[in-house]
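The structure appears right after this line, and notes come after that.
The values are calculated or read from the model by the stated rules, or taken from the named source; none is laboratory data. Just so it is clear, the model here is predicted, and its values are computed rather than measured. Positions of Cβ are generated from backbone atoms using ideal geometry, with glycine treated the same way; all protein chains shown enter the neighbour counts. Ligands, DNA and RNA are excluded from the accessible area calculation, which covers all protein heavy atoms including side chains. Shrake-Rupley method; radii C 1.70, N 1.55, O 1.52, S 1.80 Å.
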Amino acid sequence: MYGDPATIRRILTELGDTWAVVGLSGNQSRAAYGVADVLRRFGKRVVPVHPKAETVHGERGYASLADIPFDVDVVDVFVNSELAGAVADEAAAIGAKAVWFQLGVIDEAAYERTRAAGLDMVMDRCPAIEIPRLG
């Protein structure tokens with residue numbers, strides 16, 4: 001339900017290539033840093049969203065989704081489950097097409113709200129694991 005193959009494929013191949021990665025900083029030991037690198041290698045534009053608004057992988061960072069001055073296709077969420085629902089709501093507010101909650105990030109109410117708002121959503125999955133599987 002939270003990660004059906006058709007939705008995963010659609011998000012990774014059809015919904016656009018601009019990904020805002022919430023929780024991405026310049027800390028190379030964090031999972032978000034490595035996942036962002038994989039997304040970039042598969043042709044995605046990765047926009048860091050972090051309170052520090054650091055430039056990561058050559059892309060300017062922003063403190064919040066609302067600060068990004070261009071369209072975002074997918075919001076990839078690397079925050080804990082307690083904070084993730086608010087990020088999903090922000091993603092809908094900025095007009096994103098999809099929300100992706102990383103491994104271990106689950107908020108069923110946020111899933112329902114996000115789907116009701118017309119966005120695709122995946123939870124408890126990692127795009128860096130899923131994208132190479134597409135072939």
So the check is Cβ under 7 Å with 6+ separation or different chains; which pairs have a first residue in region 116-135 that's on the phi > 0 side of the Ramachandran plot and a second one that's in a loop (DSSP other than H, G, I, E, B)?
Asp124/Tyr2; Asp124/Gly3; Asp124/Leu103; Asp124/Gly104; Asp124/Val105; Asp124/Ile106
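Residue by residue through region 115-126, note down the ones that are within 17 Å of Asn80 (Cα to Cα) and either loosely packed, with under 15 Cβ neighbours inside 10 Å or not basic (Lys, Arg) (or both). Spell out the reasoning first.
Looking only at region 115-126, we keep the residues that are within 17 Å of Asn80 (Cα to Cα), and these are 121-126.
Hits for region 115-126 are Met121, Val122, Met123, Asp124, Cys126.
Is it the case that Arg125 is touching a Leu at 6+ places or on another chain (Cβ under 8 Å), of a type outside the set (A, V, I, L, M, F, W, C) and more than 24 Å from Pro51 (Cβ to Cβ)?
Working: touching a Leu at 6+ places or on another chain (Cβ under 8 Å): yes; of a type outside the set (A, V, I, L, M, F, W, C): yes; more than 24 Å from Pro51 (Cβ to Cβ): yes.
For Arg125, the condition - touching a Leu at 6+ places or on another chain (Cβ under 8 Å), of a type outside the set (A, V, I, L, M, F, W, C) and more than 24 Å from Pro51 (Cβ to Cβ) - is met.
Among residues belonging to region 50-68 that are assigned to a loop (DSSP other than H, G, I, E, B) and β-branched (Val, Ile, Thr), point out the one that is least open to solvent (accessible area, probe 1.4 Å). Even if it seems obvious, please write down each step before you answer.
Step one: list which residues in region 50-68 are assigned to a loop (DSSP other than H, G, I, E, B), which gives 50-55, 57-58, 60-61, 63-64, 68.
In the following step, the residues that additionally are β-branched (Val, Ile, Thr) were identified as 55, 68.
Working: Thr55: 93, Ile68: 18 Å².
Filtering region 50-68 for residues that are assigned to a loop (DSSP other than H, G, I, E, B) and β-branched (Val, Ile, Thr), the one least open to solvent (accessible area, probe 1.4 Å) comes out as Ile68.
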Give the residues of region 69-103 that are surrounded by 13 or more Cβ atoms within 10 Å (Cβ to Cβ) and part of a loop (DSSP other than H, G, I, E, B), sorted by residue number.
Val72, Asp73, Phe78, Val79, Ile94, Ala96, Lys97, Gln102, Leu103
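The rows are residues; the columns are (1) aromatic (Phe, Trp, Tyr); (2) farther than 15 Å from Leu39 by Cβ.
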| site | (1), (2) |
| --- | --- |
| Ala63 | no, yes |
| Val72 | no, no |
| Asp76 | no, no |
| Val79 | no, yes |
| Ala84 | no, yes |
| Ala88 | no, yes |
| Ala93 | no, yes |
| Asp107 | no, yes |
| Tyr111 | yes, yes |
Residues (closer than 23 Å to Gly135 by Cα, buried (at least 19 other Cβ atoms within 10 Å of the Cβ) and among the small types (Gly, Ala, Ser)) located in region 1-41
Ala32, Ala36
If I filter region 120-133 for residues that are farther than 16 Å from Ile8 by Cβ and out of contact with any strand residue (DSSP E or B) (no Cβ under 8 Å at 6 or more places or on another chain), do I get at least one hit?
no
With the requirement that a residue be within 21 Å of Val105 (Cβ to Cβ) and of a type in the set (Phe, Trp, Tyr), what does region 43-77 give you?
Tyr62
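Go through region 69-80 and count every residue that is more than 14 Å from the chain's Cα centre (by Cα) and touching a residue at least 24 places away in the same chain (Cβ under 8 Å).
Going residue by residue through region 69-80, those that are more than 14 Å from the chain's Cα centre (by Cα) are 69-70.
Applying the additional criterion that residues be touching a residue at least 24 places away in the same chain (Cβ under 8 Å) yields 70.
Residues that pass the stated criteria total 1.
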